[in-house]
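Written out below as C-alpha cells is the structure these notes cover.
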Amino acid sequence: NIKGEPMLKLMNGLFRSKVARFLFRWLVHPDIAAYLGKMFSGKSRKSHGNRELPISVLDFLVEYAKAYKAAGANGVVMAEPLAGMLSPALAEEFSAPYVKKIVDAVQDDEFLLIYHNCGDNILLMVDSILSTGSAAYHFGNAVKMSDMLAKIPQDVVVMGNVDPAGQIKNGTPASVKQ
C-alpha cells in the first residue's frame, strides 16, 4: 500500500515528467461490468445474491489491468459508481472487497489504481472506500471536497470535485482555473 511521501513523490514525478508521458486507463467495478456484460449478451442475472458472476468478472478485470500494466500504462482509474448508491453496509460487502482484490493484484510502485466515485452517498462510507488501499481517490462534484478532506488522512492523495459539464464543457478559462 503506497501512502504518504512516497506516493506524493511518485504522483509528482508522473505529472511533472517532461520526458515520459503517463497513461491511465479506465476500469469499472466488477458488479457493474457483470451487469453490462449480461445486458449486452441478452442473458439476465437471476439473483442479485449470485456471487459467481462478479468473481469471474473480477478475474477478468485483474487480467485486463495487468495487460495495461504490461503494455506500459502507469495505472488505471477504476470507476465505482455502485458504492455511491448503496448503504454503507452493502458497500462494505459488495464493493470494497472486490476493489481491494484488484488493487492488491495490480498496484505497485510503478502502477497505480486510482479509485473514482461520483456518488453523493460516499461521505457515509469513507472508511470502506479507504480500506481498498487505492493509490489515490477521485471524487465527483456531488460532494464538497472540504467534507471529504475532513474525513481522509492527510497522507492520502485525493482529487476531483470538478463539475465536468459545468466547468470543462461550459466554463471559461478563468472559471476552470479557479
All but one of (1) outside any helix (DSSP H, G or I); (2) in contact with a Pro (Cβ under 7 Å, 6 or more places away or on another chain) hold for residue 124; state the number of the condition that does not hold. (1)
Quick check: anything in region 62-70 in contact with a Phe, Trp or Tyr (Cβ under 7 Å, 6 or more places away or on another chain) and not in a strand (DSSP E or B)? yes
Of the conditions (1) modelled with pLDDT of 85 or more; (2) touching a Cys at 6+ places or on another chain (Cβ under 8 Å), residue 84 satisfies every one except a single condition; which number is it? (1)
Residue pairs, Cβ under 6 Å, 6 or more apart or interchain, first in region 128-140 and under 10 Å from residue 80 (Cβ atoms) and free of Cβ contacts under 8 Å to residues at least 60 places away in the same chain, second basic (Lys, Arg) and open to solvent by 10 Å² or more (accessible area, probe 1.4 Å). List them. 132/100
Output the residues belonging to region 127-174 that are closer than 13 Å to residue 95 by Cβ and either assigned to a helix (DSSP H, G or I) or of a type in the set (Gly, Ala, Ser) (or both). 127, 128, 129, 130, 131, 134
All conditions in (1) at pLDDT 90 or above; (2) in a helix (DSSP H, G or I) are true of residue 98 except (1)
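Yes/no matrix, rows are residues, columns are (1) surrounded by 14 or more Cβ atoms within 10 Å (Cβ to Cβ); (2) farther than 24 Å from residue 104 by Cα; (3) in contact with an Asp or Glu (Cβ under 6 Å, 6 or more places away or on another chain); (4) at pLDDT 85 or above:
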{"site": "144", "(1), (2), (3), (4)": "no, yes, no, yes"}
{"site": "164", "(1), (2), (3), (4)": "no, yes, no, no"}
{"site": "167", "(1), (2), (3), (4)": "yes, yes, no, no"}
{"site": "174", "(1), (2), (3), (4)": "no, yes, no, yes"}
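The values are calculated or read from the model by the stated rules, or taken from the named source; none is laboratory data. Only a predicted model underlies this, so the values are computations on that prediction, with no experimental measurement involved. Here the Cβ is made from the backbone with ideal geometry for all residues, glycine too, and neighbour counts use every protein chain on show. With ligands, DNA and RNA removed, areas are computed over all heavy atoms of the protein, side chains included. Shrake-Rupley method; radii C 1.70, N 1.55, O 1.52, S 1.80 Å.
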